[in-house]
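Pasting a structure here, questions to come.
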Amino acid sequence: MKLRVGTGVGGSRDIGRSTVFDLLAFAATIAVGVFGYFTARRFVRDRLKFVDAAQTLRAPVIAGLVAWAIAMPLVWVLPLVGPGAAMLFGLSVGMGVRAGAKDIRSDRRITAG
């Protein structure tokens, strides 16, 4: 049996390339989740401080569903991320809204100095 030069394990050349794309997709998914959480938390804490509807238990659910509905068409267009990224984005936005409302109730201010 003779091995061809330039082939990887199993005879595929694209193994390294697919793992790089998988790693990029994973990093993009995590970045989208972190961005959604911190942006929603800051928005609720700073802008919706005096809005009573933002303090209810329905607000994180509604915000998460709306964020998921907005992100879902985008993941069809983007080649690296899939529907899991849209679900993670919606979940992180909902958790950020909840954390922002909790910050308001506990009168916690996160400042730079």
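All of the numbers you see were taken from the coordinates with simple rules; none came from a lab. Keep in mind that what you see is a predicted model, and the values were worked out from it rather than measured. So basically every Cβ, Gly included, is an ideal-geometry build from the backbone, and we count neighbours across all protein chains shown.
Would you mind classifying the range 13-105 by shape? Square roots of the alpha carbon gyration tensor eigenvalues, ordered a ≥ b ≥ c; an a/c under 1.5 is rounded, otherwise it is prolate if a/b is larger than b/c and oblate if not.
prolate
Quick one: Karplus J couplings for the range 47-63, per residue in order, coefficients 6.51, -1.76, 1.60, θ = phi - 60°, nearest Hz, x for Gly and Pro?
Ordered by residue, 3J(HN,Hα) equals 9, 10, 4, 9, 9, 5, 5, 6, 8, 7, 7, 7, 4, x, 5, 5, 5 Hz.
Same structure again: Can you give me the three principal axis dimensions of the range 19-70 from its C-alpha atoms, in Å, biggest first?
Here the spans come out as 47, 20, 15 Å, largest first.
List the trypsin sites (Lys or Arg not before Pro) within the range 44-105 that DSSP assigns to loop and that have no more than 16 neighbouring Cβ atoms inside 10 Å.
Listed in order of number, the matching sites are K49.
If you count, for each residue, the other Cβ atoms within 10 Å and average over each peptide, how do 61-69, 27-35 line up from highest to lowest?
Descending mean neighbour count gives 61-69, 27-35.
Output ³J(HN,Hα) for the range 76-84: one whole-Hz value per residue in order, computed from phi by the Karplus curve 6.51 cos²θ - 1.76 cosθ + 1.60 with θ = phi - 60°, and x for Gly and Pro.
5, 7, 6, x, 8, 9, x, x, x
Remind me, relative contact order of the range 13-105 in percent, using alpha carbon pairs under 8 angstrom and six or more residues apart?
44
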